[in-house]
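Written below as structure tokens is the structure these notes are about.
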Amino acid sequence: MARFAQDKLEELRERANIVEVVGTHVRLKRAGRNYVGLCPFHNEKTPSFSVNAERGFFHCFGCGAGGTVFDFVMRLEGLTFPEAVQSLARRYGVTLPETHEPGGPAPGEREAMYRANEFAAAFFSHVLWKTPAGEAVHGYLKSRAISDETAHAFGLGLAPAQAGVLANALKRRNLLEGAVKAGLVRSDGGAMRELFIGRLMFPIRNAQGRVAAFGGRVLDERLPKYINSPESPIYSKARNLYGLYEARQALARADRAIVVEGYFDAIAVSQAGFKEVVASLGTSLTVEQLRLLSRYTRNVIASFDGDEAGRKASMRALEVFLGAGLLGRGVFIPTGLDPDTLIQKRGAESFDELLKNSELLVDMFVTEEAKRGLSLQAPIEERLKAAQRIGQTLRLVPDELEFNALVSKTLNRLALGPREEKIIREQARSGGARTKPQGAAEGKSRLEAGTTAELGILGVAIIRPDLRPRILEIAPLESFDDEQLRALVAEACALPAAEDVPHQWLSERLSQEQRERLSALAMEATFDDPVNALKVLNDYVRALVKHRRTDRDIEALRREAVEAGDRDDATLKAQELIVLRRGITNDPA
Ligand SMILES: [Zn+2]
């Protein structure tokens, strides 16, 4: 993970005021000490989304989303922590020194490539909208039913028909080197020649909105019809999705993603009102692409051709989905059409109808297996073989509950008995245990290990720096279950009261669920009052002790003190502990 200089990050955090950052996406109203608005992460009519400016946290009491300003950007734009930091740094003009990975591009090299691409995108757009050559293409867009508004939203452009125009413009701006590395221009026997000549241009933006690559389509009958920027340090087609940046907010809002194949499909589907659409850039879907999407939503619907080849492709996609920890659904576009032409010919409703009838890929797989002779009449060897194949595929289902549900569904659907169930389960277990979901499971077990009290004590250290010395006095850090939380509380309490706990510590060392729970605490008015805050702290400590200290521990402590010859201390300790225990017993929790 990229490291950032702590002071730079703190500078960024001060400048990137959470109310301002959130406020560009959510209409916020002041309500007491917090600001409230409609949550951008789930659909709601009454606001349950709060921001506490002073403490620097947001939290939604409807869907549980929460965290720091970095978490907000991560979730909204589907970024990792370092990406969110960089995105905010750019927006607020904070310079973060670029780290240099060994074997990777030199510092500044990636930036030069992005700059060249971004200049080119603006250049292509200018040619499309502001020149006579562009005017001729407007008719083409119209013939494909693409409105000007949509074309602008996707940043469409036109590469000049004449070679050298873009190269010269890039050269004048000192962007040629970056353009060569990004594959926009190549040296052709000494002369510079553009990759894209006389093509309709589709900028491919990464999740942060930077132009990572281009696709270009001919406007005549030349071949190849489409060409794309080559792979580069800033672009890999297996790890990018066309339209992701444009769709990112809709993905979260709709909690659904529609994956189509081509540029025009994505544009048409988006224009028809399904803004939550991305295109797979002409490759078959990859695990990386699906992981990228799953940052926004777990409900992914992929579109396939309605013919036999499409059915086969959907079955191959199932394994990719399962590999990314998703179940995945499929829609099948009637033969001879694609999402673009389907919407043009039959309207958005017919596409919506298809979406409504989308099928779980894994269900389809079971049905396919059933078709392959797996009926009650089929010979026993056939049935066992099919059970084996199903088990091998279900092996990839990471979630235990989902797995069990799918096994029983399969058994029911195919009228299978306990013998086949055994085979399915054995197959699923073979070849090393079923793959664990990446990230999610790890975060969960960490959360379970750390009790509410441990997290609460950390919350107090963050929200009430003045109580840090008190935490060190009364909180039994040694009995924390969660190592990470214990270390964080210790480090937080070692900070001077004037210093906030760095958000980087939270983003890098806590799970998302832990950060969400912390953010809920940060909305509490209880902590405004020092007496109340102390009371809450005492409650946490008591709850922690209740969990950790058995009567035997108490007795052991007392004996220890007696043996040390300090009778008074022993009595005191025993009394203290009795009081503590009473407090615990009175505690309804
Ligand atoms: Zn929400």
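Just for segment 363-374: of the residues that are assigned to a helix (DSSP H, G or I) and at pLDDT below 85, which one is surrounded by the fewest Cβ atoms within 10 Å (Cβ to Cβ)? Taking the candidates together, the pick is 371. Taken together, the residues in segment 205-239 that are farther than 30 Å from residue 86 by Cα and not in a strand (DSSP E or B) amount to 7.
I'd like to check something: does segment 496-513 contain any residue that is assigned to a helix (DSSP H, G or I), touching a Lys or Arg at 6+ places or on another chain (Cβ under 8 Å) and polar (S, T, N, Q)?
yes
Hey, can you tell me all the residues within segment 169-204 that are outside any strand (DSSP E or B), out of contact with any Pro (no Cβ under 9 Å at 6 or more places or on another chain) and either among the β-branched types (Val, Ile, Thr) or free of Cβ contacts under 8 Å to residues at least 24 places away in the same chain (or both)? Result: 171, 172, 174, 180, 189, 190.
Residue-wise test of (1) at pLDDT 90 or above; (2) of a type in the set (Val, Ile, Thr).
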residue: 49; (1), (2): yes, no
residue: 52; (1), (2): yes, no
residue: 60; (1), (2): yes, no
residue: 67; (1), (2): yes, no
residue: 80; (1), (2): no, yes
residue: 87; (1), (2): no, no
residue: 90; (1), (2): no, no
residue: 96; (1), (2): no, no
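Criterion applied to 112, 145, 122, 116 was being away from the ligand (no atom under 16 Å from the Cβ), in a loop (DSSP other than H, G, I, E, B) and farther than 30 Å from residue 515 by Cα, and the one residue passing it is 145. Check residue 289 against each of (1) surrounded by 23 or more Cβ atoms within 10 Å (Cβ to Cβ); (2) closer than 22 Å to residue 128 by Cβ and name the one condition it does not meet. Here residue 289 meets the rest and fails (2).
Of the residues making up segment 484-521, those that are basic (Lys, Arg) and surrounded by fewer than 18 Cβ atoms within 10 Å (Cβ to Cβ) number 1. When we screen 324, 238, 254, 268 for residues that are over 13 Å from the mean Cα position of the chain (by Cα) and buried (at least 21 other Cβ atoms within 10 Å of the Cβ), the only hit is 268. Inside segment 420-436, residues that are modelled with pLDDT under 80 and surrounded by fewer than 16 Cβ atoms within 10 Å (Cβ to Cβ) make up a count of 7.
In the condition set (1) assigned to a loop (DSSP other than H, G, I, E, B); (2) modelled with pLDDT under 95; (3) over 27 Å from the mean Cα position of the chain (by Cα), residue 136 is compliant with all but (1). Any idea which of 220, 265, 255 is of a type in the set (Asp, Glu) and modelled with pLDDT of 95 or more? After applying the criteria, what remains is 265.
Counting only helices (runs of 4 or more DSSP H) wholly contained in segment 293-362, the ones carrying 3 or more residues that are acidic (Asp, Glu) and over 20 Å from residue 240 (Cα atoms) occupy 348-356.
Return the residues of segment 476-495 that are aliphatic (A, V, I, L, M) and part of a helix (DSSP H, G or I); say none if nothing qualifies. The answer is 477, 485, 487, 488, 489, 490, 492, 494.
The residue list 151, 179, 191 contains one member that is among the aliphatic types (A, V, I, L, M) and surrounded by fewer than 16 Cβ atoms within 10 Å (Cβ to Cβ), which is 191. Residue 314 meets each of the listed conditions (1) in contact with a Leu (Cβ under 7 Å, 6 or more places away or on another chain); (2) within 30 Å of residue 72 (Cβ to Cβ); (3) surrounded by 18 or more Cβ atoms within 10 Å (Cβ to Cβ); (4) of a type in the set (Gly, Ala, Ser) apart from (2).
The values are calculated or read from the model by the stated rules, or taken from the named source; none is laboratory data. Since this is a predicted model, take the numbers as computed values, not measurements. All Cβ positions, even for glycine, are placed from backbone atoms using ideal geometry, and neighbour counts span all protein chains on display.
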